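So the structure is just underneath, and the comments pick up after that.
The values are calculated or read from the model by the stated rules, or taken from the named source; none is laboratory data. All values reported here derive from a predicted model rather than from experimental measurement. FYI the Cβ positions are ideal-geometry reconstructions off the backbone, even for glycines, and counts take in every protein chain you see. Each accessible area value is taken on the protein alone, full model and side chains, heavy atoms only, with ligands, DNA and RNA left out. Shrake-Rupley method; radii C 1.70, N 1.55, O 1.52, S 1.80 Å.
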Amino acid sequence: MSAAKENNWPVLTRYESNHLRRIALPLGGIGTGTVSLGGRGNLQDWEIVNRPAKGFQLDKTFFALFTRDAEGNTCTRALEGAIPVEDFEGATGSLITNHGLPRFRNCRFEAAYPFGQVLLDDGDVPLQVRLQAFNPLVPGDAAASELPVAVMRFELTNPGDQPVAASVCGSLLNFIGTDGSQGEARGNVNEYRNGSLRGLFMRSEGIDSGAEQYGTLALASTPGADVSWRTAWQTFDSRPWGDALLDFWDDFSDDGRLEERDRGGEQAPVGSLAVSTTVAPGSSETITFLLCWHFPNRLAWPHGWHQPEAGPDNGVVIGNHYTSRFADAWEAADFCAANLDQLENDTLLFVNSFLASDLPEVVKESALYNVSTLRSQTTFRTPDGYTFGWEGCHDNAGCCFGSCTHVWNYEQATAFLFGELASGMREVEFLYATRDDGGMSFRVHLPLELATSWSVAAADGQMGCIMKIHRDWQLKGDDDWLRKLWPGVRRALEFCWLPGGWDADQDGVMEGCQHNTMDVEYYGPNPQMGIWYLGALRSGEEMARHLGETEFADRCHSLFEQGRAWLDANLFNGEYYEHEIRAANNPLDIRNMLTSDMGAPDPGEPVLQLGPGCLVDQLVGQFQAHVNGLGYLVDPANVRSTLDSIMRYNFRESFYGHFNHMRSYVLNDESALLMASYPRGGRSKRPFPYFNEVMTGFEYTAAIGMLYEGQMENGLRCIQAVRDRYDGKRRSPFNEAECGHHYARAMASWAAVPALTGFRYSGVTQSMAFAPSEGPSQQFWSNGYAWGLCRQTPGADGVQVELDVLYGELSLREFELTGFGSVAFEETERLGKGAQWRTLVRLS
C-alpha cells in the first residue's frame, strides 16, 4: 500500500458502454500463458496451464472493495463494472461467474498494450477506483518480457472532504489440477507467507508432479502492507446452499478484514488476501497485488488440430523456459516485486516512445495490440530458449502445430522487437527442420530430434524462411551466425532445382507442385509462390556473395532475372498477376515431400486452384522484400497496378450481400479485403478453399504493400477496416483470429512501422536509413536488439537528425535519409542505452 503517484500510464484507445463486453487483454509473458483482463475489470480466460482455455472462468475469484466513511457508513462492491444485459439470461439466471455480487454502475476501459486500465465509479461508493494491470514488455529483453505475472494495482481516490477507510481483497480459487478442459483439483493447499512479500502460496499435495496441470500459484502484496487473509473459505459440507460465498461476503463487509477458516476436506480451496488503508480527503492510495503462476510440464503439441493423438511427440513433456528460471510461483513473485519499478519503467519507456511517434493512430494500434499474440498460448519457449508457436488457438487446444512456416512467414513483430527469439526460430528451421536434400518440414515436431518427422515441404514457407534469415542476419549483423546456418539455407534453395521439384528446369519460375498457406497444392506458375521464390533467390544471392560464394550468388542472380522477366511477361494481365494452372503430366514424377492429403486428389486434373483470381496477398514476397531492403522483385509499375486492383476488386464496404461457404471473420456492415475476387471471370467450380473469406494477416500484407508504394489512403483505409472490426463490441481488440484465436499471421501488422518511416537497419554494414520528412518529425525505430526515437528537423542547410537510443546498443557507420543524402563515419559509432546522437544530413 502506498500513496498514489501521478498516473503516467499512456492511453491509446478508450472503450466504454457496449464496447466493453468483448475486451480481453492478455496478462502474461512470452511463453508463460495469460489470464485476461475483461472490459469490466474481471479476470477471465485462465490460460496459464500450458494450453488455451477460452471461456475458462474461476468461481469465487474476484477483487472486492470495502469502504467505511467518517460517519461509519459501510459499502462493499466487487471491483468490476456492471454485467451487460446481454448476459442476464440463462437456465439458472446469468451465466457470468460470481453474477450475484454488487458491482460499480459506471465503467470505462483504457488501453495501450500491455497496459490496461479500468475506471470504476458509483454514486453510492465514496471512492473512485482506477485498476491498472500489466505484464512487463521490454523489446530486446526477452527475460523481462517472459515473466509469469499479472500486476494488478488499485488506485483509490477520495473526492470527498472526510477520510475513508478502505480494503481491497483478492480471492483466488486454487484450481491446480485442471486447465479448463481436463483434469480436476485434488488435495490442494493454500498457505500464508510473510517475508519480502505477504500473501498466499497455493500448491497441491494430490496432483502428480509430472502432470501437465501440476504447478503453483501465488497471490501476494507488497511488503509492509496491512493485510488479513483466509487460506480457505467455509467448505461446502459445513456451509451448503452457497453459504461459503455468503460467509466470505459477511466477513469482509463487516470491517474490511478477514478471519481464517478451516479448509476441511475441500480439494480446491479458495484463498483470500485483503489489504487495508485509509484514503485522506482529496488524495489517493494504491494497493498492488501480484498474481503469479508456475506450471512446468508443457507437453509437445498436445492434441491440437492438425496434430493427431498418435503423433510421434504426443505426450512428451518438453517443459517451459520461464519455469526453468524460478522454483515456483512464489519465487517468481519475489523476483517481480523486487524488480517491479524497473520493469514498469522500461515498459512505460517503450510504450510511451512508440506512441510519441508520428505514426497514424490506427497503425500504432494494429502494430502494438497484435504483439499480445507473442504472449498468448499461441507462443511458447522451451527450456533451451527456443521459441515455437501454433498458428493460433482454438478454445481448448492449439490450432495447427509446428511453428508452421507458411503462416509465421508473414509476422514481423518478433524480428523487430525480440531479435534473439527470431534468430532462434531460424536456427530451428535450418539446423533441425531442413533435411539433407534441402526439403524443410513446414511443421516441426518436438523434441527437436523429431523435427523432420513432418513429411511435407511448403513452397511459400521454405522460400519465406530464406528471406527471413536474410532479414534477421541484417538486423543482427552476425556473420558467424549466418555461416553456421548457411549450409542449411543453401540446401533449402537448391531443393527447388531437384528433379520433380518446384523449379526442376531451373528457369527461375516455380512450375511444380506447390503446397502453400491455402492448405492445398497449386500446380503451375503463380504470383504467390513465384515472387516468394524470387525473393529467396535475391536473399540467397546477397548472403552467398557476402560469404564469398560468388558462383552460387551468380547462379541465384541469373535465375532471379530470368524468373522476374517471365512472371512480368506471362502472369501479369495488365491489372494484376494470375495463376497459370498446369496439370501434372505424370503425378508419379512429383518429388517426395511436395504433396499433402489436403489438395487436389488428382494432380492430372487439379482442383482447389487460384486460377485467374485476384489474390489479396499475391505480392507477399514483394512485401517481404521491401521489409528486407531488397528492392523490387518484379516490375514496380506492375506492383502498383496490382495493389490498385486488389483495392478495386477485393475491398468490400459491407458484407450484407456476400456469400461465404467457409469461416466468417467479417459480417454485415463491416468492411474488409476479400481473399480473392474474379473480376475477369474464370472462377472454377472448386477454387482454393478460402477465396470467400477474410483474414487480417493477409489484409495487412496488402495494406502495408500499399503503404510501401505511397498509396497511403488505401493502405490506411484497409488497416482501419480491420481495427474497426476489433472494437471491443464486436471482437476483442487483442485477439485477431484466423484459424483460431491470437493468430500469428496478424503480427504482419508491425511492418507498417518501417513502411511508413522508411526505417532500415543493417548490422552487417552498420547502417541506418529513414525516409526524409517534409517537416519536423519523430519516429520510433527498433531492430530487435535496440530501440529508440529519430527526430528530423529540415532546415536551409539540410536535415538535422537526432537519434536517441533508449534501450540496447547500436553500432553505426552510416546514416541515410533515403533519396536525400547520407553521412558516413571513419570509425563505428557505438551508441549505448541513453545515448543521443546528432548529425546534419545535406542534400546530395
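Laid out as a table, the results:
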{"quantity": "Estimated vicinal HN-Hα couplings, Hz - region 433-450 in sequence order (Karplus 6.51, -1.76, 1.60; Gly, Pro = x)", "calculated": "8, 9, 7, 4, 7, x, x, 9, 5, 7, 10, 10, 7, 10, x, 5, 5, 9"}
{"quantity": "Theoretical FRET efficiency, 1/(1+(r/R0)^6), r = Cβ-Cβ of E184 and V317, R0 30 Å, to 0.05", "calculated": "0.90"}
{"quantity": "Stretch gain in nm, segment A211-E494, where the contour uses 0.36 nm per residue and the Cα spacing is subtracted", "calculated": "97.5 nm"}
{"quantity": "Charge context of P102, other residues only, Cβ under 11 angstrom, K/R +1, D/E -1", "calculated": "0"}
{"quantity": "Of (i) 36.1; (ii) 42.1; (iii) 38.3, the label for mean projected area of the Cα convex hull in nm² derived from the coordinates", "calculated": "(i)"}
{"quantity": "Added length on full extension, which subtracts the Cα-Cα distance from 0.36 nm per residue, D250 to D59", "calculated": "67.0 nm"}
{"quantity": "Relative contact order of region 1-141, defined on C-alpha pairs under 8 angstrom at six or more residues apart (%)", "calculated": "23 percent"}
{"quantity": "Sequence-distant residues sharing a close amide H with E521 (under 5 Å, placed H)", "calculated": "G599, A600"}
{"quantity": "Region 455-540 - percent relative contact order, Cα under 8 Å, separation 6 or more", "calculated": "38 percent"}
{"quantity": "Solvent-accessible area per residue for the chain (1.4 angstrom probe, square angstrom)", "calculated": "34 Å²"}
{"quantity": "D478 versus N18: modelled label distance in nm, points set 7 Å from Cα along the beta carbon direction", "calculated": "5.2 nm"}
{"quantity": "Part-to-part distance (alpha-carbon centres) for region 413-437 and region 326-342, which is given in Å", "calculated": "30 Å"}
{"quantity": "Pair A82, S811: separation of 7 Å Cα→Cβ label points (nm)", "calculated": "6.2 nm"}
{"quantity": "Length released on extending from D124 to T765, taking residue separation times 0.36 nm less the Cα-Cα span", "calculated": "224.3 nm"}
{"quantity": "Selection from V118, F134, V316, by position along the positive dipole direction of the chain (Cβ)", "calculated": "V118"}
{"quantity": "FRET efficiency estimate (nearest 0.05) - Cβ-Cβ, A835 to T550, R0 41 angstrom", "calculated": "0.60"}
{"quantity": "Share of alpha-carbon pairs per 10 Å distance bin for region 549-695, given as whole %", "calculated": "10, 31, 34, 21, 4, 0"}
{"quantity": "Charge tally in the Cβ shell below 12 Å around L610, where Lys, Arg are +1 and Asp, Glu are -1, L610 excluded", "calculated": "-2"}
{"quantity": "From phi via Karplus (6.51, -1.76, 1.60), per-residue ³J(HN,Hα) for region 177-191 in Hz, x at Gly/Pro", "calculated": "x, 10, 10, x, 10, 7, x, 8, 6, 8, x, 7, 9, 10, 9"}
{"quantity": "Summed side-chain charge close to C399 - residues other than C399 whose Cβ falls under 13 Å, Lys, Arg +1, Asp, Glu -1", "calculated": "+1"}
{"quantity": "Calculated FRET efficiency for the pair E191/R648, C-beta based, R₀ 60 Å, to 0.05", "calculated": "0.40"}
{"quantity": "Lysine pairs within the chain, Cα separation less than 30 Å, 8 or more sequence positions apart or different chains", "calculated": "15"}
{"quantity": "Accessible surface of D437 - all protein chains present, 1.4 Å probe, nearest 10 Å²", "calculated": "60 Å²"}
{"quantity": "Mean separation of Cα contacts under 8 Å (6+ apart) over length of the chain, as relative contact order %", "calculated": "12 percent"}
{"quantity": "Carbon and sulfur %, accessible surface of the chain computed with the full protein complex present, 1.4 Å", "calculated": "46 percent"}
{"quantity": "Under the Karplus curve 6.51 cos²θ - 1.76 cosθ + 1.60, θ = phi - 60°, whole-Hz ³J(HN,Hα) for region 455-462, x wherever Gly or Pro sits", "calculated": "9, 10, 9, 9, 4, 5, x, 5"}
{"quantity": "Cα centroid separation, region 475-541 to region 349-390 (Å)", "calculated": "28 Å"}
{"quantity": "Label-point separation, A280 to N573 (7 Å along Cα→Cβ), nm", "calculated": "7.5 nm"}
{"quantity": "Nonlocal amide H pairs with G160, under 5 Å, H built at 1.01 Å", "calculated": "G282"}
